[in-house]
Amino acid sequence: MTRAEDTKADTTCLTGTLWTVYQVTELGQRTDLHDFLGTGIFSMAEREGGFAPLVFRLHGGAPQVVREVLLERGWEEYDEEEQEEGDWNLYWRSSGFRKLDYENILPWQRLNHHPKMSQITRKDCLARHMRRMKIAFGAALYDFSPAAFILPNEHTKFLGVYTKNRTTDRGKSHYWICKPVDLSRGRGIFLFEDIKDLVYDSSVIVQRYITNPLLISGYKFDLRIYVCVKSFSPLVIYMHQEGLVRFATEKFNLASLDSLYSHLTNTSINKFGMRYDTDKERVGRGCKWTMSRFRSFLHKQDVNELLLWHRISNIVTLTLLTAVPCVPSSPNCLELLGFDILIDASYKPWLLEVNYSPALSLDCPVDVTVKKGLISDIIDLMNYRMIDSFRQKGYHRKRSSRRYLRPEGFLLPKSLHATPSGCKSRNHSISSSSSSQDTLLCSVNNANCPFHANSKSIGDEKAPQNFVEIDSTRQSHRNTTSTIFKLPSLHVHKLKSTAVQLNSMTQDKSVPPCRVGDFILTFPFNEATWKASQDQADVKAIVNEVQKLTTRLATSFNEKERIKMESRQSIGVGDKFEPLLWGPKDPPLLSECFSLNSAK
Ligand code: ADP
């Protein structure tokens with residue numbers, strides 16, 4: 001399998017700044033070949049005069065590394081004073097967007113958050129969802145989440161479990177960790193064994209403390225895994241190959257529950273630890289490793305590494321599934337999440353929490369290695385096309401040469417409605433043939449690529465079935481020369497009569513690429529999961545497929561040939577999917593894992 005580094009080496013930069021043309025690797029991993037010079041959409045002058053840069057907009061507090069990476073890639077920063085409203089391609093915020101931002105999104109724009117993400121990023125919501133899924137699909141499937149109680153509401157329930165533990169396991173200690181539901185970075189967290197030490201003055205969760213973490217030279221650690229949800233409808237999940245291993249800076253010791261440096265692995269805490277700068281045995285200085293370094297460590301252990309990676313990827317899928325029914329369709333949004341995974345001494349991975357806007361500060365060289373590559377790959381996942389760089393202008397031009405179409409039932413952005421003339425009343429149009437033109441722009445050598453890499457993405461306007469001719473009677477109140485178009489509103493539930501149509505319009509039916517940079521597609525992983533995640537996601541069918549895959553992987557040690565055959569038939573070989581296993585250095589095809597496992 002071509003390695004991530006090699007894939008990057010295959011990259012050809014056409015203009016030196018803006019548009020990057022990727023070649024098709026042998027395995028078709030990276031194929032955004034923008035054949036825009038041959039399309040004839042833009043004039044010679046435009047071609048010779050260089051390309052319009054893409055524009056990013058950062059909200060105060062957005063990470064500096066995002067600015068750095070985008071500037072390095074030839075983007076320009078949005079300037080409120082100089083530029084017109086809407087004249088940007090990416091809006092990046094650390095906090096959430098307003099409802100209006102989602103409603104007024106334009107075809108060339110992307111936002112770095114989906115709405116309603118607190119459903120899994122708030123500790124109490126996550127605990128609630130996990131409990132619901134345990135009831136619906138069995139505790140065994142969701143046993144990666146430590147039992148948790150939301151206090152004060154569930155104080156009595158917790159008391160019952162606490163007392164039962166004490167009486168049945170006499171002499172055995174049970175430990176709990178108490179965390180404020182809406183804080184992060186280890187703030188307000190404490191451990192306790194005796195309920196008299198449980199004191200809180202805000203909403204908290206009390207979670208079973210994992211007392212047997214895997215230790216490296218006596219130090220506790222957890223994994224920060226970067227996950228990108230490209231869409232919730234259909235569910236499309238990518239996991240990044242690089243990530244962080246975050247260490248505690250004092251040795252693990254259950255006799256000192258008060259030592260946060262021994263029990264918490266947050267960098268925000270450990271960078272103030274006395275031993276942060278000490279060269280700690282095997283761990284080294286500081287408190288972080290890259291995931292690559294952890295892979296080398298794992299390699300030397302006698303463990304089934306592949307199964308561990310697969311279990312972590314399952315945790316991510318099963319967790320995100322819980323949010324699918326709650327997140328409204330949001331075609332131009334993308335979410336970067338930080339999953340915190342703890343591995344115990346028996347190599348079982350546990351989900352600790354899901355972080356909204358995971359920290360992107362560059363505190364040490366490890367951060368630079370991991371986070372810069374991560375942001376760059378995120379931008380690639382956003383799959384901008386040349387037409388996006390021209391923003392209003394580009395969409396104008398396409399409109400002028402084609403019939404004017406607009407998505408049925410879509411609303412005019414309020415901000416544009418409001419101003420009858422002037423800058424905000426400029427046209428924003430999408431032509432009926434935008435999809436086909438854009439396919440030309442991204443003319444990918446699909447013949448060589450089994451999974452149609454990057455041929456469509458968020459923000460792609462769909463072909464004619466998604467757009468209908470403007471109803472002139474409904475348009476009559478508008479300036480006839482300013483026909484305005486926008487993407488489907490995210491809040492489709494508000495438009496009840498057209499909800500079904502809109503839902504199918506906003507969906508991207510093309511199979512997502514299996515790899516983009518160091519992002520590996522982990523869901524969907526076969527045609528069955530792809531189909532089950534369309535429209536109203538069939539969570540039960542998806543869970544069944546996840547279980548089937550896990551069982552096959554787990555039993556493949558014993559039933560070498562049969563499993564190998566079965567997996568080849570059902571894990572994608574021969575259909576549109578050639579899924580990779582997220583995690584190992586050179587990610588193998590999932591179908592190959594069976595033979596790898598069998599050979600062990
Ligand atoms: P925060 O959002 O404040 O970072 P976390 O839930 O991530 O809260 O917890 C902070 C740290 O506490 C984790 O990184 C981990 O080291 C430790 N921790 C949290 N929950 C548990 C648990 N159930 N068992 C063991 N360690 C835990």
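Key figures for this structure:
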item: Sequence ranges 222-228, 189-195, ranked by mean other-Cβ count within 10 angstrom, highest first; result: 222-228, 189-195
item: Highest to lowest packing among 148-156, 299-307, scored as the average C-beta count within 10 Å; result: 148-156, 299-307
item: Amide H within-cut-off set for K280, under 5 Å, with H built and near neighbours excluded; result: R285
item: Flagged links, alpha-carbon separation over 25 Å, of K134/K196; K123/K348; K123/K548; result: K134/K196; K123/K548
item: Average accessible area per residue (Å²) across region 204-334 - probe 1.4 Å, nucleic acids and ligands excluded; result: 32
item: Accessible surface of region 99-184 [probe 1.4 Å, protein heavy atoms]: carbon and sulfur percent; result: 56
item: Pairwise Lys count, region 197-343 - Cα closer than 27 Å, eight or more residues apart or different chains; result: 14
item: Fraction of accessible area attributable to carbon and sulfur, region 254-344 (%, probe 1.4 Å); result: 50
item: For region 304-320, 3J(HN,Hα) per residue [Karplus equation, 6.51 cos²θ - 1.76 cosθ + 1.60, θ = phi - 60°, Hz, x = Gly/Pro]; result: 7, 4, 4, 5, 4, 4, 5, 5, 5, 5, 4, 4, 5, 4, 5, 6, 5
item: Share of alpha-carbon pairs per 10 Å distance bin for region 110-172, given as whole %; result: 18, 36, 32, 10, 3, 1
item: Cβ crowding within 10 Å averaged over residues, with 291-297, 94-100, 106-112, 586-592 ranked highest first; result: 106-112, 586-592, 291-297, 94-100
item: Under-5 Å amide H pairs with E76, H placed in peptide plane, nonlocal only; result: L54, V55, F56
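The values are calculated or read from the model by the stated rules, or taken from the named source; none is laboratory data. This one's a predicted model, so the numbers in the text were calculated from it and none came from an experiment. When we count neighbours, we look across all protein chains shown, and the Cβ atoms used for this are built from the backbone with ideal geometry, even at glycine. In case anyone asks, the SASA skips ligands and DNA or RNA and just uses the protein heavy atoms, side chains included. Shrake-Rupley method; radii C 1.70, N 1.55, O 1.52, S 1.80 Å.
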